[in-house]
1. Treat every Asp and Glu Cβ in the stretch 137-235 as -1 and every Lys and Arg Cβ as +1, leave all other atoms uncharged, and give the resulting dipole magnitude about the Cα centre to the nearest 20 debye.
2. Just tell me which aspartates and glutamates come within less than 13 Å, Cα to Cα, of Lys320; anything on the same chain fewer than 8 places away is out.
3. How much space per residue, in cubic angstrom, does the convex hull of the C-alpha atoms of the stretch 213-370 take up?
4. Give me the one-decimal Kirkwood hydrodynamic radius in Å for the stretch 123-189, with the sum taken over alpha-carbon pairs.
5. Take every Cα-Cα distance within the stretch 191-234, group them into 10 Å bins from 0 onward, and report for each bin the whole-number percent of pairs it holds.
6. Considering only Cα-Cα distances, which of the following residue pairs are longer than 19 Å: Lys5/Lys187; Lys64/Lys88; Lys72/Lys241?
7. Quick one: which residues, 5 or more positions from Trp278 or on another chain, have an amide H under 5 Å from its amide H? H modelled 1.01 Å from N in the peptide plane, none for Pro or chain starts.
8. Can you give me the convex hull volume of the Cα atoms of the chain, divided per residue and expressed in Å³?
Amino acid sequence: MYCEKIDCVVIGAGVVGLSIARSLALQGREVMVLEAAGLIGSETSSRNSEVIHAGIYYPPGSHKADFCVAGKSALYHYVQERGLNYRKCGKLIVATNPDQVEKLQSIKTNAELNGVNDLDALSKQDVLALEPDCCCESALLSPSTGIIDTHGFMLSLQGDIETSGGMVVLNARVVSTQAADGRLVLKVEAQGEIMALHARTLINSAGLFAPEIARSMEGFPQTLVPDQFYAKGNYFSLSTKSPFNHLIYPVPDESAGLGIHLTLDLSGQARFGPDVEWVDHLDYDVDGDRAQMFYPAIRRYWPGLPDGSLLPGYAGIRPKIQAQGKPAEDFMIQGPADHGITGLVHLFGIESPGLTSSLAIGDHVAKILN
């Protein structure tokens, strides 16, 4: 069996794994990214709303809040510097009945505690002036929310890694891992052969598969591996031209995440979702019958949604580390200070706002490994 020593191995070439690898490569470290699929970012990173979040909802002081706010700033700087495709289109958070109006103020207060100080309170008339087809009692405008070409961003991250001497290896499946006797050892199957890697540093950023990898790691305390749950999010596309220029989000419902919101792609096409469907296996098919739950939710803020205009789009699966009905958990990033194993980092529950937070997470992981 072929054996090779390497400085840093990152498992998972999603947007977070690539960002971590980039941060390490820019420090001058030798980095190899292992991706089981045949292309980068083919799971969670390519199956989301492609929204650059402002950092509004997350608990102050949480990883999600801090990394989202820092990551947003870093991401806008990055895409502007590289000439990548994005649009700072802004978002409206809309109260569709009088009972929700007070909730908007608590959302604004929470955002300010997170350092998001650009939210504007809008009256019904203000909203109609911006979006004549939007129906609400009042709203908050988040001008720093935007959208991005996620795949273009990931390709750029890959380019940064490779320019700095690192490599991204596709179709490379991690068979086993070991953290024992001061060594981090991986067995990897690639092109039909098994290769052993002895790494100085190992980052498990495998997204949906991160707990599975940690759970099978010889020498790692199993009590530190969280349970993981799959929350599928279905999206439906609008078959007609969108009348909206901003993203439209209802006031959040704790049982349904951020609700059935309207997002736009960079060509201006509208899509709706995600909903929350708890599943026990990976399944990206969209059941067209779920549209019947989307219509009434959307019509609370867009009464003019035409019948029959929603078409099945795509689905993503969130790597949740809390069960259905339980309070949302923060990102879990376990470094040597948490488990005592030098050079090892596990990332669990990296869901939204993982895309927005990715560059900040990359810098954080690189820092805790110094």
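Taken together, the values in this text are just the output of simple stated rules run on the coordinates, not laboratory data. Quick caveat, the model's predicted, so the values are computed rather than measured. Because the Cβ atoms are built from the backbone with ideal geometry, glycine has one as well, and the counts that use them run over all protein chains shown.
1. Roughly 220 debye, rounded to the nearest 20.
2. Asp227, Glu277, Asp280, Glu329, Asp330, Glu351
3. Each residue corresponds to 136 Å³ of Cα convex hull volume.
4. Every distinct Cα pair counted, the radius reaches 17.4 Å.
5. Pair shares across the bins are 21, 43, 26, 10, 0.
6. Violating the 19 Å Cα-Cα cut-off are Lys64/Lys88; Lys72/Lys241.
7. When sequence neighbours closer than 5 places are left aside, the close amide H contacts are Lys232.
8. 134
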